[in-house]
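Presented below is the structure to which this report refers.
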Amino acid sequence: MTNSAVGVAGMRTYPTDLSSQLSLSAGRPGPEPFRQFVLKVVSRCNLACDYCYVYEMADQSWRERPVVMAADILARVAHRIGEHAEAHRLSAVRIVLHGGEPLLAGARWLDEALTALRAAIPARVDVQFAIQTNAVLLDETTLAVLHRHAVRVGVSLDGPVVAHDRHRRFADGRGSHARVAAALDLLGAPAHRALFSGLLCVVDLANDPLAVYDELLGYSPPTIDFLLPHGTWSAPPPGRRPDDPGTPYADWLIAIFDRWYEEPRRLVDVRLFSEIIQLLLGGASETESVGLTPSTVLVVETDGMLEQVDALKAAYDGAAATGLSVADGPLDLALRDPAILSRQAGVAALAAECRSCEVRDTCGGGFYPHRYRTDTGFDNPSVYCPDLLALVRHIRGRVRADLARVLRRPR
Ligand code: SF4
């Protein structure tokens, strides 16, 4: 089976013959159905974060899109998700309201949209709603709606005030930390805490990792997601020079890992760490950041266009597009897109260096968008390769040492 890359539209390069590789390599008859739907219900934001992949990177398609998803588009999206769940006999789907900033749609719009989505999906299907927000507009009225539909709330927070406000500012330059902190106090109150799903934090090497960790822990989140800043080989992330063997991001994360791993009582689930441990122990990952689990995420823009994982917008203009809309037919049409197939093809879609790497099944080549290079498309290791290798090796070393200690104990 060849893994040679073919050029698509002069930019997108993927391994050849992905459909047959999918059936042969994963032992299943075809692509995995979509199980998670990220709905971009608002295409604008009330913050102007300087690292945002929607507004600050190569893809500027948001400028052409409606500000809020119209009712007729939403009805069509709801119908397509229901149809997809029925066609594939799915027992559960996850729907994430995203943006831009989804709370800009307003509490009434959210209430109507969530009602319409639930009504269009067969009653036997467990619909898990979530929202990812900057929390600036989170208030009691909105929370009442989110309670009504059992919507879990994830909030973006980058650390203490200086760390957070360095990037996450309003368009006039004011920082947003104070507003987010107040919203988190509200969300963490006993009346609302059940909705709190966790914090999302973008890594900035300028920050002290343990100060960031302590700040996030102060809000008692159930989970923390540390995200590596988006970047590619052609537009490298801050502090990450391509082909430099240094591991600044691994060093930053390892400082937190060691603290987290040594805590006598688990205070929070840091998903990147727990997923790596799960993979090292032979399990599967649940996110696309690490591992080889097939991606089952589909993004729908405010105009009903179907897209791939949003962070691809960091690669080049149009990188996330499939060219399909909810008006075109069942969502299975998107399962023919070579880029979507390549994110389901596991080892077969990896670059040669990744396929022979000692941590291949744990790292999985890293997050797909981070592999992009202008001349070779996505047929590369992650631009974070040295960091990922160092992080996985470190965690593997700690877990192995503990397992050996346990196994040596007299019984
Ligand atoms: S550590 Fe590097 S070479 Fe190994 S799988 Fe990850 S990205 Fe690929």
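Laboratory data are not the source of any read-out in this text; all were calculated from the coordinates shown. The model shown is predicted, which means the values in this text are computed figures rather than measured ones. As a convention, Cβ positions derive from the backbone with ideal geometry for all residues, glycine included, and neighbour counts pool all protein chains shown.
What the table below lists for this structure:
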quantity: Candidates A71, A314, A348: whichever shows maximal mean-square fluctuation once the chain is modelled as a Gaussian network with Cα springs under 10 Å; calculated: A71
quantity: Three-way shape label, segment 152-241, alpha-carbon gyration tensor, a/c 1.5; calculated: prolate
quantity: Candidates L90, L331, L272: whichever shows maximal mean-square fluctuation once the chain is modelled as a Gaussian network with Cα springs under 10 Å; calculated: L90
quantity: Kirkwood Rh and Cα Rg combined as Rg over Rh, evaluated for segment 75-152; calculated: 0.99
quantity: Farthest positive-ward along the chain dipole, Cα basis, beta-carbon charges - from G323, S274, L391; calculated: S274
quantity: Theoretical ellipticity at 222 nm over the chain - DSSP helices of four or more residues, -39500 (n - 2.57) apiece, nearest 500; calculated: -10000 deg cm²/dmol
quantity: Square roots of five times the Cα gyration tensor eigenvalues for segment 32-407, Å; calculated: 30, 26, 21
quantity: Net lengthening on full extension, T376/R393 (0.36 nm per residue, minus Cα-Cα); calculated: 3.4 nm
quantity: Contour minus Cα-Cα distance for A235 and D139 (0.36 nm per residue); calculated: 30.8 nm
quantity: Dipole axis of segment 32-407 (+1 Lys, Arg; -1 Asp, Glu on Cβ), positive-most option in V127, F34, A163; calculated: V127
quantity: Length-normalised contact order of segment 32-407 in % [C-alpha pairs under 8 Å, at least 6 apart]; calculated: 19 percent
quantity: Extended-chain gain in nm, criterion 0.36 nm per residue less alpha-carbon gap, A178 and R265; calculated: 28.4 nm
